[in-house]
Amino acid sequence: EDRLQQAASQAGLEDSLNRCLAAARPCDFSLRDPALLERFQTMDCFSATFLEEYSACPARYFVNRHLQPAPMANDAMALERGRIAHAVLAEFGRKMRSVSVHLGRADAAQLEMAGKFMDDLLGKATEELGSNLDARMMKATLKYYLHRFIELEASWSSSLKPFMFECSFGGEGSTGEKRDHNELYLNLGDGIKLSGKIDRIDVDDITQSEKHALVIDYKMSKSGKGVNNFEKTGKLQIPLYILAVKEIWDLEPVGGQYFALMCEDTDVVRGMCLANADLGERQVVRTDKKTPDDFQEELDKAEARARKKALAIRAARFAPDPLEGACIYCDYAIICRTGE
């Protein structure tokens, strides 16, 4: 390095060399601004979605959620597609409940009516997309998978019926549901409170004193994750939402499932459930079924992981530390200093 400095000085390139050497040295990812550190240290409410994103990679979480760069074009399209799908499915669920139609027990006329409802809702939700090629492709994609959603739900006869939609807890915004618990948080200990929004809660006979519940989380993806892979892949939403359903809504959860809306095989729903849960004709992967003790153990582990991640955010630990596979689709992979 001394010889390089000498040669650079003689050539008038000393400043350029210093910049190159600084870029090649290991990065220090520590935050130093006192006001910024205090902001993180005093955080007490965390989103289940954000904790899951932090689990995948602390640096990406920090950039996305705190620096908030404008999304790239492909990301923006995917985000908009997911937003529309979630909004349409929530409104569709409310519409089906208002006319007392349970897709798992619907006749041909009711299924035809459901398809028309879905088309109407999708049409209204996509009015402002325009008519360019990207917009037409998005509309066609959404229509295909939302109608496939109807077909799948119609093939699953179960005592559990969709009952609540976009169920907020802990300050994530009013849902308009009668049983909104927006002011209540899930307490994780160490002064950490959890907020979230559950896409759907299915319940059995609502006249029973002890209502069984199934958490559904929609994903505009081609696959979901089973409970045996939750820790490896950083998944937290399903177990945390199960805890919220029990503690906040006073329901007896029998499981939670990711509904992969773009999945084309039999693993369209993955997650965790009690082995003796009556989920009707839903095809549940064997390894997603757990005994009551194992089920509770998985919930306890997820709660501990969420608490650990929240404490790490409080400590402003944002060095790149991605889970295996997290870098594949990361927008920042080509500039990331992971491993340094």
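Laboratory data are not the source of any read-out in this text; all were calculated from the coordinates shown. In this text the structure is predicted, and so the values were computed from the model without any measurement. FYI the Cβ positions are ideal-geometry reconstructions off the backbone, even for glycines, and counts take in every protein chain you see.
General observations
- Multiplying the residue separation of Glu264 and Met77 by 0.36 nm and removing their Cα-Cα distance gives an extension gain of 65.2 nm.
- From its DSSP helices (H runs of at least four residues, each -39,500 (n - 2.57)), the chain gives a residue-normalised ellipticity at 222 nm of -13500 deg cm²/dmol.
- Potential lengthening between Thr141 and Tyr332 on full extension [0.36 nm per residue; Cα-Cα distance subtracted]: 66.0 nm
- Counting neighbouring Cβ atoms within 10 Å and putting the fewest first, the residues Glu38, Glu53 line up as Glu38, Glu53.
- Peptides 42-51, 85-94 ranked from most to least packed give 85-94, 42-51, packing being the mean of other C-beta atoms within 10 angstrom over each peptide's residues.
- Ranking of Leu279, Leu133 by neighbouring Cβ atoms within 10 Å, starting from the fewest: Leu133, Leu279.
- Sorted by Cβ neighbour density within 10 Å, fewest at the top, the residues Tyr332, Tyr144, Tyr61: Tyr144, Tyr332, Tyr61
- Placing a label point 7 Å from the Cα of Asp294 along the Cα-to-Cβ line, the residues of region 241-282 whose backbone N sits under 20 Å from it are 242-243, 253-258, 267-280, 282.
- For Arg148 and Thr42, the FRET efficiency from 1/(1 + (r/R0)^6), where r spans their Cβ atoms and R0 equals 30 Å, is about 0.05.
- Greater than 19 Å apart at Cα, pairs in Lys222/Lys301; Lys95/Lys235; Lys161/Lys211; Lys95/Lys211; Lys95/Lys225; Lys193/Lys309: Lys222/Lys301; Lys95/Lys235; Lys95/Lys211; Lys95/Lys225
- The dipole here belongs to the chain: it is taken about the Cα centre, uses +1 on the Cβ of Lys and Arg and -1 on the Cβ of Asp and Glu, and is about 300 debye.
- Lys308 sits among other residues whose Cβ lies under 14 Å from its own Cβ, and their net charge, with Lys and Arg +1 and Asp and Glu -1, is 0.
- Qualifying aspartates and glutamates (Cα of each under 16 Å from Cα of Lys139; at least 8 residues distant if same chain): Glu80, Asp119, Asp120, Glu127, Glu128
- If R0 equals 56 Å, the separation of the Cβ atoms of Asp120 and Arg19 corresponds to a calculated FRET efficiency of about 0.40.
- Asn228/Gln6 FRET efficiency (R0 45 Å; Cβ-Cβ; nearest 0.05): 0.15
- Assigned charges on the beta-carbon of Lys, Arg, Asp, Glu; region 73-121 dipole about Cα centre (debye): 220
- Listed residues Leu89, His102, Phe50: farthest to the positive end of the dipole of region 1-105 (Cβ charges): His102
- Recomputing percent of Cα pairs over 25 Å apart from the coordinates shown identifies the correct label among [x] 69; [y] 53; [z] 59 as [z].
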